[in-house]
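*Asks:* To start, I am sharing the structure in question, which I have written as structure tokens.
What follows is calculated from the coordinates using simple rules that are stated; it is not laboratory data. These numbers were taken from a predicted model, which means no experiment stands behind them.
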Amino acid sequence: MIVILILGFAPWIILLTLVLAMYLTVVELLELRPNYGWWIWWLLLVFLTHFVGYLILRGYAYYRHREAARP
């Protein structure tokens, strides 16, 4: 979204990748099962920062899975 605001217009490829990032975020959040406050926070982060926010979410999910696997 910030890229769209900086450019002043929305090329179709940027909109397509934003939709893809939001979809992947929802899939990841369904697996993590956070409460609704975290859902909103992560969705807004990914919406505003695009794939950078999604990569941060993937890192967080990896950390959570690794911590859960420890005895």
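*Asks:* Mind jotting down the distance between the C-alpha centroids of the stretch 52-68 and the stretch 12-27, whole Å?
*Replies:* Measuring centre to centre over Cα atoms gives 18 Å.
*Asks:* Give or take rounding to whole Å, what are the principal axis extents of the alpha carbon atoms in the chain, in descending order?
*Replies:* Its Cα atoms span 50, 20, 17 Å along the three principal axes.
*Asks:* On full extension of the chain, what length is gained from Tyr36 through Ala69, given 0.36 nm per residue of separation minus the C-alpha to C-alpha distance?
*Replies:* Values: separation 33, 0.36 × 33 = 11.88 nm, distance 2.42 nm.
Taking 0.36 nm per residue and subtracting the Cα distance, the gain is 9.5 nm.
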